[in-house]
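The numbers here are math on the coordinates, done by the rules we state, and not lab data. Treat the numbers as computed from the prediction; the structure is a model and nothing was measured. FYI the Cβ positions are ideal-geometry reconstructions off the backbone, even for glycines, and counts take in every protein chain you see.
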Amino acid sequence: MRKGLTFLRGMAIAACAALPLTAAAAPHANTVVASVNGEEITIGHMVMARENLPAQYKQLPDEVLYNAILDQLIQQTALKQQLRGEVPRYVELSVENEERAMLAADVIEMVMDKASGEEKLRAAYDEKYSTGEGGDEFHAAHILVESEEDAVDVKAELDAGADFATLAKERSTGPSGPNGGDLGWFTTGRMVPEFEQAVLKLRAGEVSAPVQTQFGWHIILLNDRRKTEAPEFEEVRAELADELRQKAVEERVNELTAAAKIERPEIEDLDPAILKDISLVRN
């Protein structure tokens, strides 16, 4: 099902039409701009219709959008009235899902706003960088091969005394291979999780066991690790805000679900593929 507004023909023709607003008071969300067989359309309806438009439509002049949106809502109202008040089940379910998602998003927004105030951001910065140091930085190299068997062979050669850089030039399929596998210096969050976790476990000079990532199999050499200087507050403001918001949302969700009475009855012979059967909600 399409979300938002689907423009019908005549949108461009309506561009220069006047905007009749005859109410004495200043227009507001409940101001009625049209009615169809007694069913009212308000500015609030139009505001939300515009809000849900694709970005390219929002670039159009206000006059164009106003008339096009109002015409569309009038047309939609006339069309849906043909159902004589009967609402298809799939529409009811879609509306319930949309309402649930929007209300949940509102709660999440409130939780995030409350969690990332200036005072809390300053406190998080002081706690994280109280020593004057930043995070860890790593200087590593790796040999990337296609299979676990190849990775085991490479590790065996290294254990037998082979030079890492030389072997990387000969065996690595990664772009750093010609440079001896050297990846330079990097901080946490720059590498894929599996690679990063392996690096965190290494001491300077150590070589990892085979590590699998989405790119293949790696043998990693940690050349060195060091602490970076603490960044200025403004440099990490956005990062700290994201961390605080994410933590607050996770804690609130866990708190609410733990306190809720949740029942998940066992249903015999339930095939998860049932979700593909749209005929179940058609009536």
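Positive-end ranking of 158, 54, 253 along the dipole of the chain, with charges on Cβ about the Cα centre, is headed by 54. Within a straight-line Cα-Cα reach of under 24 Å, residue 169 can be paired with the following lysines, leaving aside sequence neighbours fewer than 8 residues apart in one chain: 155. The longest stretch of the chain left intact once loop-based trypsin sites (Lys or Arg not before Pro) with at most 10 other Cβ atoms within 10 Å are removed from consideration, loops following DSSP, is 85-202. Give me the one-decimal nm value for the distance between modelled label points at residue 148 and residue 32, 7 Å along each residue's Cα-to-Cβ direction. So the two model labels end up 7.1 nm from each other. Relative to the current alpha-carbon distance between residue 253 and residue 120, full extension at 0.36 nm per residue lengthens the span by 45.9 nm.
For the pair region 143-187 and region 237-283, the centres of their Cα atoms are 42 angstrom apart. Given a cut-off of 21 Å, name the pairs among 201/227; 201/247; 114/247 whose C-alpha atoms lie farther apart than that in the structure shown. Violating the 21 Å limit, Cα to Cα: 201/247.
Which of rounded, prolate, oblate describes region 130-283, given a ≥ b ≥ c as roots of the alpha-carbon gyration tensor eigenvalues and a/c under 1.5 marking rounded, otherwise prolate only if a/b is larger than b/c? It comes out oblate by the Cα gyration axes. Taking only Cα atoms, what is the 0 to 90° angle, nearest 10, from helix 233-259's long axis to the longest principal axis of the chain? Orientation of helix 233-259: about 70 degrees from the principal axis. Charge dipole (Cα centre; +1 on Lys/Arg Cβ, -1 on Asp/Glu Cβ; no other charges) of the chain amounts to roughly 1160 debye.
Full extension of the chain between residue 277 and residue 160 yields a length gain of 36.3 nm, computed as 0.36 nm times the residue separation minus the alpha carbon distance. Checking every one of the GluC sites (Glu not before Pro) in region 185-283 against DSSP loop status and a limit of 15 other Cβ atoms within 10 Å picks out 206, 232, 263, 266, 268. The share of alpha-carbon pairs in the chain lying farther apart than 24 Å comes to 73%. Placing unit charges on the Cβ atoms only, positive for Lys and Arg and negative for Asp and Glu, gives region 133-229 a dipole magnitude near 260 debye about its Cα centre.
Once C-alpha pairs closer than 8 Å and six or more residues apart are averaged by separation and normalised to the residue number of the chain, the relative contact order reads 18 percent. Using the rule -39500 (n - 2.57) for each DSSP H run of four or more residues, divided by the residues of the chain, the 222 nm mean residue ellipticity is -14000 deg cm²/dmol. This model, with +1 at the C-beta of Lys and Arg and -1 at the C-beta of Asp and Glu, gives region 162-283 a dipole about its Cα centre of some 260 debye.
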